[in-house]
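Starting off with a structure, shown below.
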Amino acid sequence: MVNLEKSILKNIYLIIILLFLILSLHRGTFEIAPFIYGAFSIILIFYGHFIIKRFYPNVDKYLFIISAFIVQFGLVMLYRLDLQRAVRQMAWFAVGVTVFIFVLLLFPNIKRLEKYSLTFALLTIIILTLPLFLGREIKGSKNWIQIGSFSFQPSELGKLFIIFYLSGVIKKINDYKDVLRYSIPVVLSIIIFVLEKDLGSALMFFGIFMTMLYIGTSRISYILSGLGLFGIGGFLSYFMFDHVKRRVNIWLDPWKDKYGAGYQICQSLIAIASGGLFGTGLAGGHPEVIPEVHTDFIFSAISEEFGLLGAIALLILYLLLIYRMLRTALYAKDDFSRLVAVGIASMFAFQVFVIVGGVTKMIPLTGITLPFVSYGGSSMTISFLSIGILQKISEVGNSDE
Amino acid sequence: MNEEKLLRNIKALIVFFSLIFLVIIGYLTYFNLYLSENIVRDSSNPRIKLSEEDVLRGAIFDRNGKQIVYSKRTRDGQKRYYKDGEIFAHVVGYNSYIYGKTGIELLYNDALSGKTFYYDLLGSIFRKFAQTFEGEKRGSNVALTIDYALQYRAYKLLGSDKGAIVVLNPKTGEILTLVSKPSFDPESIDKNFKKYKNDVEGNPFLNRATQGFYPPGSTYKIITAAAALENIENIGNEKWLCTGKLKIGDYVLKDFNSEAHGKIDLKKAFTKSCNFTFGSLGMELGFNNLNREAEKFLFNKDIVLEDLVIRKSTYNLEDKNSRALLAQSAIGQHGVATNPLQMALVAATIANEGIMMKPYLVKEIKDEYGVVLERKKPQVLTRAIEKETAEKIKEYMIDVVNKGTGVRAKLSNIVIAGKTGTAEIPNSSETHSWFVGFAPANNPQIAFAIIVEKGGTGGKRAAEIARELVSEYFK
């Protein structure tokens, strides 16, 4: 087990070195800077792994290893696209690893949070409404808070709060009346998201809720009525909100207005198509022509340069990560922790599905981040916080064995 | 809460998420296999420009190595220069990132932009390697079969008229001249595209030489004569009494100025372009013979060429038994429509003993170091008529220029064979002026077709252009 881990880590280091070797040579001259950047990355992974191994030899170390590997896709891509952002992203990676270690070392047993359900519900609503008063519109969505030069996306933290809330209340559900009562914070959140034009988060909240509801109650009828209501809501909001209508129309035929409203998605599709099976090779394509390539469309950039194979590899890494999360849920000691783990796993699964499906035009595009990969501090920090919480659950789960 | 149930649900969730990811992967694979090909080619793909900007686009030369089109580096990319742009526009086409590409710029885009894997794999790997060290990537050059001086002269000869001129080598099919007027300037295409596009009257983007759709008029008598020679025995001895007016039921087919040629044989009828005789021949031959002969010259057939797109010429009568229509079709006035390139091929077929060679525009492709990547070889397009038939018609055509309707094409030192044509324009008193032929008659080196829209009779404007062209070529 330990040897396997070591060999996996060694291979990850090797891949990082190779990727940055390409970046140091691609302009025709040898540059040292990419190696320094890559070395930072390796040190962070090594350090994070060292702490887990040193203090918690029994926990599931793959949660961290896989996450850290996924982060490399984003770092390499960002380094190639935009050096300034890449440096900041490396800082966020460091923050993420730090948060992860802090959670691991300082957090109480997750089970103790079970009794604060109501607090989490209130926190969710408060934090999600903040942008309506303090926020400003970025990229057509009013879901940011800006304090000085520091901007923050509260929906990222809101996702975790709602998961904690749901984990606490879902087992209390016995009938439809309970479903209605306990779903009030979720429904409120979704309405807020629609008002903030943050449809991606609305979709994710709904996905997380449905998944946890089914896992906790085993009642398929709840899910079907939930889907039905969501369908009606979606249908109505298509006619009520112009921004919803516009997104759906772009999805149906982006090429109609390929230099206007459909520009982003068309450029994304062209990038993915340009990659082919093997990709153009790192730094061999032109993903920089896609607007917002460093955040929402980073998957398209990866598809262009790493090809279909690279994109599938990344998706498999996510699937492995989600599998390890659900495995953690299986081995957890109490239902609350289990549900938290399930919630976080479905959060990642839906987030990847929504954004990858969006940039490939499988489903309508809604701007959310690709966890661990997209540029951005909120997303990176919350993703590592989530991994930290799961690690904590896994630590408790394994501690008695 | 039943713990067992919870665990079972979580396991089911693992399967569910695996399926979701499988769906994404499946969709991505489907996208790559079936959708991506068209998406990459979309004009909104900036990569096309980016990758082409990277490689200095290759030049286009005439048959003697004279530069026609070339590119130069600028501070922010490269600029393409077209020498005598309007004169060569319909051959080389244009190269625009907004409006796309046409002509040689389109058909030989791969070679011009340096993608030569198709021509020689090993060499292109070597070139890539060499270019990496030189620091400048250059595309390959295309040498045309076009003769710069002759093309230039042909363009000027058309003056301010609309029309087209095609000159080719009847023995090889190499196109020496291909002019269409009005023309456009490829160098300023981005600026003037809309102006050209909106010019409905002049339609400068229309390549009249290959896309024209004109009645061939009396030049079509070449084909009718071939049909007569091949289908009617002893036709050489047959005589007609031309009254200048051929009555077919209620319809009267007139000769030019209703001139009565009197007693006349086929050779003389051809020389004088006698409508009476050819109208009678058309009725005698009938639809099947006329149609078969037209198709021997590839009317009603798709001619697929590598370097050009040629519009299908047609021979078709709405009533195959109508004697009036048969008579009119035999003199190229009704039911027949063609383009100058096709008529140049008809003349070339007579010049080349009945064999029609495949016309082509590109002589060879050379990489930037001068190594020949591909050299085009002459190919036979079709064996249209017997050698004897061709020889006879050649004699007729020599007479046309010596003492017939085409006398204005006559040169003192070179024997020219030709046929005039005056194509009537429906609902108009004006006519298109046609002249097709070849020279020198005994050993043909060029065959040509000239049309001047609304240029009057074929014996005047077009015949004079033919004379000037031939003397330019043999000077």
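The values are calculated or read from the model by the stated rules, or taken from the named source; none is laboratory data. Since we're looking at a predicted model, the values are computed, not measured. Note that we place each Cβ from the backbone using ideal geometry, even for glycine, and neighbour counts take in every protein chain shown.
Suppose the filter is at negative phi, facing chain B (nearest Cβ under 10 Å) and touching a residue at least 60 places away in the same chain (Cβ under 8 Å); does A:ASP296 pass it?
No, not satisfied.
Kindly check whether there is at least one residue in region B:198-208 that is polar (S, T, N, Q) and within 16 Å of the chain's Cα centre (by Cα).
Checked region B:198-208: at least one residue is polar (S, T, N, Q) and within 16 Å of the chain's Cα centre (by Cα).
(1) within 8 Å of chain B (Cβ to nearest Cβ); (2) at pLDDT 95 or above; (3) surrounded by fewer than 21 Cβ atoms within 10 Å (Cβ to Cβ): which one isn't true of A:ALA313, the others all being true?
Of everything listed in (1) within 8 Å of chain B (Cβ to nearest Cβ); (2) at pLDDT 95 or above; (3) surrounded by fewer than 21 Cβ atoms within 10 Å (Cβ to Cβ), A:ALA313 misses just condition (1).
A:ILE208: of a type in the set (A, V, I, L, M, F, W, C) and without any contact (Cβ under 8 Å) to a residue 24 or more places away in the chain, yes or no?
When the stated conditions are applied, A:ILE208 does not pass them.
I'm trying to understand the selection: among the residues of region B:197-214, which are surrounded by fewer than 16 Cβ atoms within 10 Å (Cβ to Cβ) and part of a helix (DSSP H, G or I)?
Hits for region B:197-214 are B:LYS197, B:ASN198.
Any residue at all in region A:159-174 that is free of Cβ contacts under 8 Å to residues at least 24 places away in the same chain, in the same structural domain as A:SER117 (by TED's automatic domain parsing) and either over 30 Å from A:THR381 (Cβ atoms) or crowded, with 23+ Cβ neighbours inside 10 Å (or both)?
yes
Cβ-Cβ distance below 6 Å, separation of 6 or more or different chains: which pairs start in region A:263-285 with a residue that is more than 10 Å from chain B (Cβ to nearest Cβ) and end on one that is assigned to a loop (DSSP other than H, G, I, E, B) and surrounded by fewer than 18 Cβ atoms within 10 Å (Cβ to Cβ)?
Within 6 Å, the pairs are A:GLN264/A:PRO291; A:ALA283/A:HIS26.
May I pose another question? Step by step: first the residues of region B:455-475, then only those that are on the phi < 0 side of the Ramachandran plot and more than 23 Å from the chain's Cα centre (by Cα), then the one that is surrounded by the most Cβ atoms within 10 Å (Cβ to Cβ). Which residue is that?
The qualifying residue surrounded by the most Cβ atoms within 10 Å (Cβ to Cβ) is B:GLY459.
Let me spell it out: the conditions are (1) touching a Gly at 6+ places or on another chain (Cβ under 7 Å); (2) of a type in the set (S, T, N, Q); (3) surrounded by fewer than 20 Cβ atoms within 10 Å (Cβ to Cβ); (4) closer than 16 Å to B:THR420 by Cα, and B:SER258 meets all of them except one. Which number is the exception?
(4)
Tell me, yes or no, whether region B:137-147 has at least one residue that is closer than 28 Å to B:LYS72 by Cβ, within 14 Å of another protein chain (Cβ to nearest Cβ) and over 24 Å from the mean Cα position of the chain (by Cα).
So far as region B:137-147 goes, yes, one or more of its residues are closer than 28 Å to B:LYS72 by Cβ, within 14 Å of another protein chain (Cβ to nearest Cβ) and over 24 Å from the mean Cα position of the chain (by Cα).
I'm trying to understand the selection: among the residues of region A:221-247, which are β-branched (Val, Ile, Thr) and at pLDDT 90 or above?
Residues satisfying the conditions are A:ILE223, A:ILE232.
Tell me, which helices (runs of 4 or more DSSP H) lie completely within region B:17-115 with 1 or more residues that are over 30 Å from B:ARG208 (Cβ atoms) and without any contact (Cβ under 8 Å) to a residue 24 or more places away in the chain?
Those helices (runs of 4 or more DSSP H) span B:36-40, B:46-54.
Next question, about the same structure. Go through (1) buried (at least 19 other Cβ atoms within 10 Å of the Cβ); (2) of a type in the set (Asp, Glu); (3) more than 21 Å from the chain's Cα centre (by Cα) one by one and return the number of the condition B:ASP307 breaks.
Condition not satisfied by B:ASP307: (3).
For region A:354-379, which residues satisfy the criterion of being at the interface with chain B (Cβ under 7 Å from one of its Cβ atoms) and either touching a residue at least 40 places away in the same chain (Cβ under 8 Å) or in contact with a Pro (Cβ under 8 Å, 6 or more places away or on another chain) (or both)?
A:VAL356, A:THR360
Hey, among the residues in region B:4-44 that are more than 7 Å from every other protein chain (Cβ to nearest Cβ) and over 60 Å from the mean Cα position of the chain (by Cα), which one's modelled with the lowest pLDDT?
B:GLU4
Taking the conditions exactly as written (in contact (Cβ under 8 Å) with a residue 40 or more places away in the chain, at the interface with chain B (Cβ under 8 Å from one of its Cβ atoms) and of a type outside the set (D, E, K, R)), does A:SER337 satisfy them or not?
no
Which strands (runs of 3 or more DSSP E) does region B:238-296 wholly contain that include 1 or more residues that are among the basic types (Lys, Arg) and either touching an Asp or Glu at 6+ places or on another chain (Cβ under 7 Å) or without any contact (Cβ under 8 Å) to a residue 12 or more places away in the chain (or both)?
Per the criteria, B:239-242, B:245-248.
Further, regarding this structure: Report, by residue number, each residue of region B:222-237 that is more than 21 Å from the chain's Cα centre (by Cα) and in contact (Cβ under 8 Å) with a residue 24 or more places away in the chain.
Result: B:THR224, B:ALA225, B:ALA226, B:ALA227, B:ALA228, B:LEU229, B:GLU230, B:ASN231, B:ILE232, B:ILE235, B:GLY236, B:ASN237.
Given the options B:GLU4, B:GLU52, name the one that is of a type in the set (Asp, Glu) and surrounded by fewer than 16 Cβ atoms within 10 Å (Cβ to Cβ).
B:GLU4
Could I ask something else about it? Which of (1) closer than 26 Å to B:ILE146 by Cβ; (2) of a type in the set (Gly, Ala, Ser); (3) surrounded by 14 or more Cβ atoms within 10 Å (Cβ to Cβ) does B:SER36 not meet, given it meets every other one?
Every condition holds for B:SER36 apart from (1).
While we're looking at this one, here's another question. So how many residues does region A:319-334 have that are facing chain B (nearest Cβ under 7 Å) and closer than 16 Å to A:PHE73 by Cα?
Here the count works out to 1.
Can you tell which of A:LEU4, A:LEU25 is exposed (fewer than 15 other Cβ atoms within 10 Å of the Cβ) and touching an Asp or Glu at 6+ places or on another chain (Cβ under 9 Å)?
None of the others qualify; the one that does is A:LEU25.
Hey, another quick one. Could you list, in sequence order, all residues of region A:201-225 that are more than 26 Å from A:PRO131 (Cβ to Cβ) and either in a helix (DSSP H, G or I) or more than 14 Å from chain B (Cβ to nearest Cβ) (or both)?
A:LEU213, A:TYR214, A:ILE215, A:GLY216, A:THR217, A:ILE220, A:SER221, A:TYR222, A:ILE223, A:LEU224, A:SER225
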